[in-house]
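Report on the following structure.
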Amino acid sequence: MEYILGFGSPHRALKAEETLKKAELAFRLLPVPRALDASCGLVIRVSENDLEGARSILEKAGLKPRNIYRKEGEDYVKV
């Protein structure tokens, strides 16, 4: 299962990307899915296995995600 972490701004998403790279955690930086927002922005996608690790790493770095969504088929459910 996939999870999408939203940060509210591209700048914070890029900082989160840098933080997760340093921690060597598996993730992908992606454009915000249109189903969530029509604006151009960035999100981080992680697997279910990496979700808690990513949250912990990001919170310690002061980059707590604003929103977390679970992908279910073509839909996104806020967690």
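The values are calculated or read from the model by the stated rules, or taken from the named source; none is laboratory data. Just so we're clear, the structure is a prediction, and the values are computed from it rather than from any experiment. Don't worry about glycine lacking a Cβ; one is built from the backbone with ideal geometry, like all the others, and counts go over all protein chains shown.
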(request) Among what's in region 36-47 and is at pLDDT 90 or above and hydrophobic (A, V, I, L, M, F, W, C), pick the residue that is farthest from Ala16 (Cα to Cα). (result) Val46
(message) Name the residue that is surrounded by the fewest Cβ atoms within 10 Å (Cβ to Cβ), counting only residues in region 1-17 that are over 11 Å from the mean Cα position of the chain (by Cα) and touching a residue at least 40 places away in the same chain (Cβ under 8 Å).
(response) Met1
(message) Can you list residue pairs whose Cβ atoms sit under 6 Å apart, with the first residue in region 18-31 being over 20 Å from Gly8 (Cβ atoms) and the second being of a type outside the set (D, E, K, R)? Count only pairs 6 or more apart in sequence or on different chains.
(response) Ala23/Ile57; Leu25/Gly53; Leu25/Ala54
(request) Output yes when any residue across region 18-29 is out of contact with any helix residue (DSSP H, G or I) (no Cβ under 7 Å at 6 or more places or on another chain) and surrounded by 15 or more Cβ atoms within 10 Å (Cβ to Cβ), and no when none is. (result) no
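Residue by residue, here is whether (1) in a strand (DSSP E or B); (2) modelled with pLDDT of 95 or more holds:
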| site | (1), (2) |
| --- | --- |
| Leu20 | no, yes |
| Arg34 | no, no |
| Asn49 | no, yes |
| Leu58 | no, yes |
| Leu63 | no, yes |
| Tyr69 | yes, yes |
(request) Kindly list, by first and then second residue, each pair from a residue in region 40-58 that is loosely packed, with under 13 Cβ neighbours inside 10 Å to a residue that is part of a strand (DSSP E or B), limited to pairs with Cβ atoms under 9 Å and residues at least 6 apart or on different chains. (result) Cys40/Pro31; Glu48/Glu2; Glu48/Tyr3; Glu48/Arg70
